[in-house]
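Q: The structure that follows is given in the form of structure tokens.
Just so you know, all these numbers are worked out from the coordinates, no wet-lab data involved. For clarity, every value in this text was computed on a predicted model and none was experimentally measured. Here Cβ is always computed from backbone atoms with ideal geometry, including for glycine, and neighbour counts include all displayed protein chains.
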Amino acid sequence: MSSGLSWNLADDVRQMLVFHFMLNALRAGTIVAVVAGAVGYFMVLRRQAFAGHTLAVIGFPGAAGATWLGLSPVFGYFGICIAGALVIAALPSGGRANAGLGGYGEESAVIGTVQAFALACGFLFVSLYKGFLSGLNNLLFGTIIGVSDDQVLVLLIAGVGCLAMLMVLARPLLFSSVDGAVARARGVPVRVVAAGFLVLLGLAAAGTSQVTGSLLVFALLVAPAATAARLTARPALGLTLSVFIALVVTWAGETIAFFSPYPIGFWVSSLAFAAFLLATGFRAVSDRHGQRRSRASARPMGNRVAAGAV
Amino acid sequence: MTSSIGALNNLADRRLLAGGPLTGISNMLGHPFIQHALLAGTAIALLSGLVGYFVVLRGQVFAGDALSHVAYAGALAALAAGVDLRFGLFAATVVVGLALGLLGGRGAADDVVIGTTFAWVLGLGVFFLTLYTTHSSTDNGAANVNVLFGSIFGISAGDAATAAWIAAGLIVVVLLIGRPLLFASLDPSVASARGVPVRLLGPLFLAVVGATAAEASQAVGALLLFGLLAAPAAAAQRLTDQPWTGLALSAGLAVTAMWGGLTLAYAAPKLPASFAIMALATAEFGLAALASTALRRRVRRRHATPLPVTAPTTAG
């Protein structure tokens, strides 16, 4: 993919946008980043990161199965992710906020088994569909080539629907995520909101897997949101920041992938991880600074008291 | 792990000779590639069942997930560097297992940190894959698939024997530390009060889990090894509360899934072996979950019947 990279950025961008596939990749990436940043923010707030991961992983057999049956993988992704979200919502623990890999042996073992079985099914479909083995990496780790116009259209419709639904759900969702018991007492239909959010999560996971691949969704769905959550506690600002980081990571990742021989999955996950590490470091430094300042302001008082006592 | 060409030859061999689903077992056992697969597979399944039981008991399933990502990155890093794939596999998983054990002592890291970190490790694996693809001329799409989903029918005699010996050594280690480990897993504070070296056992056990992950990824691949660790163990835990029975049951279920999966994949050449193994392990867990739910309901009903008799007496 390496066409010459020069120091003239405008020229580079123009050179990149000559290619229709690149234009489509950027369009798809933009839609997905906005949705993933927004939905991901609520997901991190609700501690449902691993539900998102599971949904993305079951997207892989969906896409592989759809390809095997001669359908577009897009329908496979969305179909199975929405179905999976409804199943999780119907499970007894699905309504609870922490239906993730919390470390409790039984539950996480079940999730692990489901994920491994889903991946095994995906592998089965891929090997049943001969000549598709080269597409395996694209499904698992993402690609910038081969986003079709139809796929962009489906992503756009799903993305707009997703954001509209999120806007309707946002207030009760935020309320029930922050304090479920109080929200329930105030008459918020907590279970319905939780189920609706899981469907949104399924849509977001299906969209994200089409850019980063099924295995690397954490890079767009979790890392930008987690980064934003480290930087601010205010929901509106955090949401904006999360979408912004997801957009920057996607655009930068796709651009670097275009000019370098290494795939998008690597760049997007590395950039997202770097942002997350920076935010974590920044947070640690500012926390320590804050601590020292409060200690510094406390010490003279302590000295004064001690001096007074002497 | 053998070259991809060997794997392809074996695949063709399998297609030709597996005339139909009713080819006799003795016929099946006559093929050297089946013998190698059975040798390595049995040892690996036995090890995974034993180690997996402790993993589930200790609530460390996340470590299995993390190590599967590390196994992928490690194997491809070794391929890119031009050394034996197994070297990268074992080095990466054992080192990360030890590190997880040493760091994990101070409070559990939250799932966002774990997930983000290991997604990046997987991304690193893709980077090494591209490095390997661009810097060598061999057909390595197959190598990538083998690392991800295993190639147990492509394993050579020498590799099978090595895998079996390593598995045997690790099983001995697990059985040696089994008793204190069980004690430390069930009640860490009492165990450490009784002089069990709990702080030493944790990292040691996770290093063993790492080596097990490296072994299992040779059989079912880096992506599915997590299932081979979790499914039989979770099934065994559903069926019994007795730790030693559970441990044996978990190992037995893993070996059954392995044998059944290999036979199924041999009989129906369209099924990849790792899919067949994973499907059987999942089915075992599903059946165990159904059986235990039915059993619990019956027990509850039996306990429920005397209640109306006792209720009036306590009320009166």
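Q: What order do you get for A:PHE244, B:PHE33 when you list them from fewest to most C-beta neighbours inside 10 Å?
A: The fewest-first ordering by Cβ neighbours comes to A:PHE244, B:PHE33.
Q: Turning to a different aspect of this structure: For region B:161-168, take each phi angle, set θ = phi - 60°, evaluate the Karplus expression 6.51 cos²θ - 1.76 cosθ + 1.60, and give the result in whole Hz per residue in order, putting x for glycine and proline.
A: 5, 4, 4, 5, 5, 4, 4, 4
Q: So for A:GLU107, B:GLU215, fewest C-beta neighbours within 10 Å to most, what's the order?
A: By the 10 Å Cβ count, ascending: A:GLU107, B:GLU215.
Q: What is the average number of partner chain Cβ atoms found within 10 Å of a Cβ in A:216-223?
A: 5
Q: Given R₀ = 35 Å, what would the calculated FRET efficiency be for A:ALA284 paired with A:LEU163, taking r from the Cβ atoms and rounding to 0.05?
A: Taking R0 as 35 Å, the efficiency between A:ALA284 and A:LEU163 is 0.55.
Q: A further question follows. Principal axis extents for region A:183-260, Cα atoms only, whole Å, descending order, please.
A: Rounded to whole Å, the extents work out to 55, 27, 14 Å.
Q: Moving on to the next point. So for each of B:218-225, A:137-144, A:48-55 I average, over its residues, the number of other beta carbons within 10 Å; can you give me the resulting order with the highest mean first?
A: Averaged packing, sorted descending, gives the order B:218-225, A:48-55, A:137-144.
Q: Between B:THR134 and A:VAL87, how many nm apart are label points set 7 Å from Cα along the C-beta direction?
A: 3.9 nm
Q: Measuring from centroid to centroid over Cα atoms, what is the spacing of region B:267-304 and region A:20-53 in Å?
A: Answer, in whole Å: 35.
Q: Taking only Cα atoms, what is the 0 to 90° angle, nearest 10, from helix A:105-128's long axis to the longest principal axis of chain A?
A: Taking Cα atoms only, the helix is inclined about 20 degrees.
Q: What average count of beta carbons from other chains do you get within 10 Å of the Cβ of residues in A:261-270?
A: So the per-residue partner count for this stretch is 6.
Q: Let me ask something else. What ranking of A:LEU153, B:LEU124 emerges when the number of other C-beta atoms within 10 Å of each C-beta is taken as an exposure proxy, fewest first?
A: A:LEU153, B:LEU124
Q: At A:ASP150 and B:VAL113, where each label point lies 7 Å from the Cα along Cα→Cβ, what is the point-to-point distance in nanometres?
A: Those two pseudo-labels are separated by 4.6 nm.
Q: What length, rounded to one decimal in nm, is gained on full extension from B:ALA268 through to B:VAL172, with 0.36 nm per residue of separation minus their alpha-carbon distance?
A: Using 0.36 nm per residue and subtracting the Cα-Cα distance, I get 31.0 nm.
Q: In addition: Sequence-distant or interchain residues sharing an amide H contact under 5 Å with A:ILE144, placed H: which?
A: A:ILE264
Q: Using θ = phi - 60° and the Karplus curve 6.51 cos²θ - 1.76 cosθ + 1.60, what whole-Hz ³J(HN,Hα) does each residue of region A:70-87 get, with Gly and Pro shown as x?
A: Those phi angles translate into x, 9, 6, x, 4, 5, x, 4, 5, x, 6, 5, 5, 4, x, 5, 5, 4 Hz.
Q: Can you compute 3J(HN,Hα) from phi for each residue in region A:138-148, using the Karplus curve 6.51 cos²θ - 1.76 cosθ + 1.60 with θ = phi - 60°, rounded to whole Hz and x for Gly and Pro?
A: Rounded to whole hertz, the list is 5, 5, 7, 10, x, 8, 9, 8, x, 8, 7.
Q: Using a/c under 1.5 as the rounded threshold, could you call region A:9-221 rounded, prolate or oblate? The axes a ≥ b ≥ c are square roots of the C-alpha gyration tensor eigenvalues, and prolate needs a/b larger than b/c, oblate otherwise. Walk me through the numbers on the way to the answer.
A: Numbers: a/c = 2.24, a/b = 1.37, b/c = 1.63.
Since a/c reaches 1.5 but b/c is at least a/b, the shape of region A:9-221 is classed as oblate.
Q: Considering chain A as a Gaussian network with a 10 Å cut-off on Cα pairs, which listed residue, A:GLY290, A:GLY59, A:GLY79, attains the greatest mean-square fluctuation?
A: A:GLY290
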